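Here the structure is laid out as structure tokens; the discussion comes afterwards.
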Amino acid sequence: MEIDAAVHRQLGELVAGMRGLQESIRRLEEGSVRAEDKAATSRAAVHQRMDQLVDRVGDLEAAVSTIDSNVAEMKPVTDDVKRWKLMGIGALGVTGIAAMALGVSFAEAIRRIVFVIIGKG
């Protein structure tokens with residue numbers, strides 16, 4: 001009978017150990033499932049952000065292309081305006097010199113007229 005009690009006790013310990021192992025395995029499986037769910041959610045979020053980035057980069061490329069074409073169209077106009085500015089500055093310089101010469105000539109003419117009137121000429 002002592003052998004039967006010892007065997008029953010050892011079988012009971014084995015059964016309890018097996019139940020403990022089964023519970024541990026079940027918790028590990030649940031943790032693994034939760035981790036896989038979290039990883040899948042994280043991957044989905046990363047893919048969504050990547051899709052948004054791809055869309056934004058596409059929009060940016062389109063905008064840059066439009067800006068490039070606009071700048072290419074504006075360049076000749078800008079060059080013309082610069083040329084006109086230089087021509088205008090040159091014309092103002094020539095006009096200034098001509099006005100100065102005319103002013104000196106006019107002042108000299110008035111001086112002579114005054115001298116003639118006063119009688120010193």
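The values are calculated or read from the model by the stated rules, or taken from the named source; none is laboratory data. Just so it is clear, the model here is predicted, and its values are computed rather than measured. Glycine gets a Cβ as well: all are built from the backbone with ideal geometry, and neighbour counts include every protein chain shown. Just the protein is used for accessible areas: all its heavy atoms, side chains included, with ligands, DNA and RNA removed. Shrake-Rupley method; radii C 1.70, N 1.55, O 1.52, S 1.80 Å.
Applying 1/(1 + (r/R0)^6) with R0 = 41 Å to the Cβ-Cβ distance of Met100 and Met74, what FRET efficiency is obtained, to the nearest 0.05? Let's see the in-between values first.
Details: r = 38 Å, r/R0 = 0.93.
The value I calculate is 0.60.
Taking Cα atoms only, the orientation of helix 2-118 departs from the longest principal axis of the chain by about 0 degrees. Computing P(r) over Cα pairs in 5 Å bins from 0, in percent directly from the structure and comparing it against (1) 2, 11, 21, 22, 21, 15, 6, 2, 0; (2) 2, 8, 5, 6, 5, 5, 5, 4, 5, 4, 4, 4, 4, 4, 4, 3, 3, 3, 3, 3, 2, 2, 2, 2, 2, 2, 1, 1, 1, 1, 1, 0, 0, 0; (3) 2, 9, 13, 11, 9, 8, 7, 7, 7, 7, 6, 5, 3, 3, 3, 1 singles out (2). Could you look at the chain and say what percent of its accessible area is carbon and sulfur, using a 1.4 Å probe and all protein chains? Answer for the chain is 67 percent, counting heavy atoms of protein chains only. The mean accessible area for residues of the chain, using a 1.4 Å probe and ignoring ligands and nucleic acids, is 90 Å² per residue. Relative to the current alpha-carbon distance between Glu30 and Ala16, full extension at 0.36 nm per residue lengthens the span by 2.9 nm. Any idea which of Ala109, Met18, Val7 is furthest toward the positive side of the dipole for the stretch 1-118, if Lys and Arg beta-carbons carry +1 and Asp and Glu beta-carbons -1? Most positive-ward Cα: Ala109.
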